[in-house]
Amino acid sequence: MNIEQEAIKTKIGKGLFDVIVCSHKQIRGQFFRLGLEFTGAGAKAFSQVRPGQFAQLDLSKAALPPAEKIPQDLCDAAGRKILLRRPFSFCDVTASGDKTVVEILYSVVGPATLRMSTLTNGNSVSVIGPLGNGFSTFSDKKTALLIVGGMGAGPLIHLAKILTADCPTTEVVAFAGAKTKNELPFEKPLDKLAQGIGFSLAEFASYGVQSFMATDDGSAGFAGPVTECFSDWLKRSELASRDTIIYACGPEAMLAKVAEIARDRKIDCQVSMERMMACGIGLCQSCPVECKMNGSNETIYKLCCKDGPVFDSKQVVFSS
């Protein structure tokens, strides 16, 4: 047993698996959807994954694409060695028999994800997980509002699936935003007729979930930040605060604004935070999130990988 295996066994008891790539699709541009098949103990461990949990992938052995397929802005960084695992949440989890397939929505943004884009069916990948604490669902909530910022889409697509299956009386509505339409990590939006009745994105529509788009530059959907789109919609609604819950995943500035809206409206809110995670299991202490202490003006630091990445928005001290 190597040092990494011993550390994992000590911290989480189990969770190091070799899995097989079973699907890999380029959605468009830099966005991909990767399917990983778990068997045996891994299938059992990942079959009950909650939306918002994540896994650490070892991409050090994946090959680089041909030079002509490397994006210009990654040419200089492409050759860097991949020393640390990378964290990824899941956009879907499907358990069937003795197999569990998890799907990861990702964007090629650096040397690790550039190598990730070359994985093909049958390739083996070393995975640590499932890790962290995900979103909690409540069957007594009448409305669940999902706020997506850019690559925060993955865990909220997964959450939409879980909510519609486990909480059938809860109405789910999603709001997805990015700077431009090219930065929305979804397949082509649905036609104008579907958008006119509140079904903009196929990934949510497949679960019967209404969805609205927003882009900062107005190139698709609402013209402005997704938080403005959401706030405008919320003002027109007649939702009872106690019967509503907000789930959000995206850039921290967006999460801070969502938390502010939730506080002002007295709506429960869970946010998925993002930090650099060197180990993913709480050993390196590199992913602190400042949180309020109940009944005190003091704050403490919790670990995004171990205590999160999902937190109650009322707990988090957002950077100004």
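Quick note: the coordinates plus some simple rules give every number you see, no bench work behind them. If you're wondering where the values come from, they're calculated on a predicted model, not measured in any experiment. We place every Cβ from the backbone using ideal geometry, glycine too, and count neighbours over all the protein chains shown.
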(message) Can you compute 3J(HN,Hα) from phi for each residue in region 152-163, using the Karplus curve 6.51 cos²θ - 1.76 cosθ + 1.60 with θ = phi - 60°, rounded to whole Hz and x for Gly and Pro?
(response) x, 5, x, x, 7, 5, 4, 4, 4, 5, 5, 4
(request) Return the sequence-ordered ³J(HN,Hα) values of region 273-278 in whole Hz as given by the Karplus equation 6.51 cos²θ - 1.76 cosθ + 1.60 applied to θ = phi - 60°, using x for Gly and Pro. (result) 8, 10, 9, 5, 10, 6
(message) Taking 25 Å as R0, compute the FRET efficiency from the Cβ-Cβ separation of Ser206 and Lys235 and round it to 0.05.
(response) 0.30
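Any idea what the relative contact order of the chain is, in percent, if you count C-alpha pairs under 8 Å spaced at least 6 apart?
Working: 705 pairs, mean separation 53.5, N = 320.
Averaging sequence separation for qualifying contacts and normalising by length gives 17 percent for the chain.
Please arrange Tyr207, Tyr106, Tyr247, Tyr301 by how many other C-beta atoms lie within 10 Å of their C-beta, fewest to most. All intermediate terms of the calculation are to be shown ahead of the outcome.
Details: Tyr207 17, Tyr106 23, Tyr247 30, Tyr301 13.
In order of increasing Cβ crowding within 10 Å: Tyr301, Tyr207, Tyr106, Tyr247.
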(request) Read through the labelled values [x] 51, 45, 37; [y] 61, 47, 38; [z] 56, 49, 43 and report the label of the one computed as Cα extents along the principal axes in Å from the structure. (result) [z]
(request) Could you tell me which of rounded, prolate or oblate describes region 143-273, using a ≥ b ≥ c as the square roots of the eigenvalues of the alpha-carbon gyration tensor, with rounded for a/c under 1.5 and, failing that, prolate when a/b is larger than b/c and oblate otherwise? (result) rounded
(message) Of Cys167, Ala41, Phe88, which is farthest towards the positive pole of the chain's charge dipole, taken about the Cα centre with +1 and -1 on the beta-carbons of Lys, Arg and Asp, Glu respectively?
(response) Ala41
(request) Please identify, among Glu187, Glu68, Glu252, the residue showing maximal mean-square fluctuation in a Gaussian network model of the chain using a 10 angstrom Cα cutoff. (result) Glu68
(request) Enter the angle in degrees (range 0 to 90, nearest 10) between the Cα long axis of helix 226-236 and the first principal axis of the Cα atoms of the chain, meaning the one along which they spread out most. (result) 30
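If each residue's Cβ is checked for other Cβ atoms within 10 Å, how do Met151, Met116 rank with the fewest at the top? Don't skip to the end; give the middle numbers.
Values: Met151 20, Met116 23.
Lowest count first: Met151, Met116.
For Ala253 and Val317, FRET efficiency with R0 = 22 Å and r from the beta-carbon atoms, rounded to 0.05?
Working: r = 14 Å, r/R0 = 0.64.
The calculated FRET efficiency here is 0.95.
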(request) Give me Ser231, Ser200 ranked fewest to most by other Cβ atoms within 10 Å of their Cβ, as a rough exposure proxy. (result) Ser231, Ser200
(message) List the residues, sorted by chain then number, that are 5 or more residues from Cys287 or on another chain and whose placed amide H is less than 5 Å from its amide H.
(response) Cys304
(message) I need to check one value: relative contact order of region 143-273, counting alpha carbon pairs closer than 8 Å and at least 6 residues apart, in percent.
(response) 28
(message) If the reach is capped at under 19 angstrom between alpha carbons, list the aspartates and glutamates near Lys235, excluding any in the same chain fewer than eight residues apart.
(response) Glu171, Asp243, Glu260, Asp264, Asp268
(message) Given a 10 angstrom Cα cut-off, can you work out which residue in Lys179, Lys99, Lys69 is the most mobile in a GNM of the chain?
(response) Lys69
(message) Using a 7 Å offset from the Cα along the Cα-to-Cβ direction at both Ser23 and Arg242, what is the distance between the two label points in nm, to one decimal?
(response) 4.3
(message) How would region 84-205 be classified by its alpha-carbon gyration tensor: rounded, prolate or oblate, with rounded meaning a/c under 1.5 and the a/b versus b/c comparison settling the rest?
(response) oblate
(request) Could you run the Karplus curve 6.51 cos²θ - 1.76 cosθ + 1.60 with θ = phi - 60° over region 200-207 and give me ³J(HN,Hα) per residue in whole Hz, x for Gly and Pro? (result) 8, 10, 4, 4, 8, 4, 4, 9
(message) Run the simple label-point estimate for Asn121 and Asp216 please: 7 Å along Cα→C-beta, distance reported in nm.
(response) 3.9
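With r defined as the distance between the Cβ atoms of Arg263 and Glu68 and R0 fixed at 35 Å, what FRET efficiency is calculated, to the nearest 0.05?
0.10
Could you list, in their original order, any pairs among Lys25/Lys257; Lys181/Lys257; Lys188/Lys306; Lys161/Lys257; Lys141/Lys306 whose Cα atoms are separated by more than 29 Å? Kindly include the intermediate steps, with their values, before the conclusion.
Working: Lys25/Lys257 33 Å; Lys181/Lys257 21 Å; Lys188/Lys306 35 Å; Lys161/Lys257 25 Å; Lys141/Lys306 27 Å.
Going by Cα-Cα distance, Lys25/Lys257; Lys188/Lys306 fall outside the 29 Å limit.
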(request) Give, in nm to one decimal, the length gained when the segment between Glu228 and Ser286 is fully stretched (0.36 nm per residue of separation minus the Cα-Cα distance). (result) 17.6 nm
